[in-house]
1. Which of E44, E144, E132 comes first, and how do the rest follow, when ranked by fewest Cβ neighbours within 10 Å?
2. Indicate the gyration tensor shape class of region 6-173 (rounded, prolate or oblate), computed on the Cα atoms with a ≥ b ≥ c the square roots of the eigenvalues: a/c under 1.5 is rounded; otherwise a/b larger than b/c is prolate and the rest oblate.
3. Taking the number of other C-beta atoms within 10 Å as the exposure measure, put V115, V123 in order starting with the fewest.
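Readers should treat all values here as calculations from the given coordinates under stated rules, not as data from a laboratory. In this text the structure is predicted, and so the values were computed from the model without any measurement. Neighbour counts run over all protein chains shown; Cβ positions are idealised from the backbone, glycine included.
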Amino acid sequence: MKKQSSADYINIAYLSTGSNMGDKLKNCRNGLAALGQTDGIHIESISQFYQTEPLEYSDQPWFINAAVCIRTSLDPLALLTVLKTLEQRSGRVDSGIRFGPRTLDFDIIFYNDIVLDTAMLIVPHPRLHQREFVLRPICELAPELMHPILKKTACQLLAALEADGQQCIPMEQTV
């Protein structure tokens, strides 16, 4: 069977990745490397990494987060299956705590300009406009990326965030 070329990857998706257990940066880098080796996925660009204060459930270590733009031949649900498999391979287990600690997390933030709402997946991500750790790295990659429901760019959404006290610090500022 002929291997697909990147020209076959007609869908563009923006993903968020993060980790707050173990060697967080290594977990994210290994997850991104595995993602890039997956059939049907070509990594276009990766943002810098950020250290991010946890939201919702604060009694846990800070996260390392980044965004990635991919081209893919996979449909959204097939992509979700790949991402969940990569999380499990990294050692992620369900702690029972929503927004709790994890070795690796991947979320589909945007997939083309589609709006999808199923029991398994909601795209665009339903809380992306409330998350600096999602918007800041996406603005690096695609500042004019338009939210198909809110009709604002990623950078407009970032600018509209109220100062909620969450810290999202580029990695080079933390060394």
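1. The fewest-first ordering by Cβ neighbours comes to E144, E44, E132.
2. In terms of gyration-tensor shape, rounded.
3. Values: V115 11, V123 23.
Going from least to most buried by this count: V115, V123.
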